[in-house]
Amino acid sequence: MQVTTLEDLAARIRYLEDIEAIKVIKARYCAYCDAGYDPEGIAALFTDDGVWDGGRTFGRREGKVAISQLTAPPRPQKLQR
């Protein structure tokens, strides 16, 4: 039988809790995508220096502002006279 220290058990529990937290974030991301790609909701899932990487097809965005602009509807351009 293997002897496990409290520190080992705490580390294993922390690892499992981290996995569960990631699952929750992924589920929220999917919910925002299913609800029409809410730009503010999606951006809120990222840290201020977070990176969204969609590869060659969708590109890469860095930071909450850039990530929120990825799915935000385009703003109408003002006509200049």
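At least 1 residues being modelled with pLDDT under 95 and of a type in the set (Asp, Glu) is the threshold, and among the helices (runs of 4 or more DSSP H) wholly inside the chain those reaching it are 6-34, 39-44.
Of all residues in segment 4-25, those that are of a type in the set (Val, Ile, Thr) have Cβ atoms under 9 Å from Cβ atoms of residues that are part of a helix (DSSP H, G or I) and surrounded by 10 or more Cβ atoms within 10 Å (Cβ to Cβ), 6 or more apart or on another chain, in 4/12.
The values are calculated or read from the model by the stated rules, or taken from the named source; none is laboratory data. All values derive from a computational prediction rather than experimental measurement. When we count neighbours, we look across all protein chains shown, and the Cβ atoms used for this are built from the backbone with ideal geometry, even at glycine.
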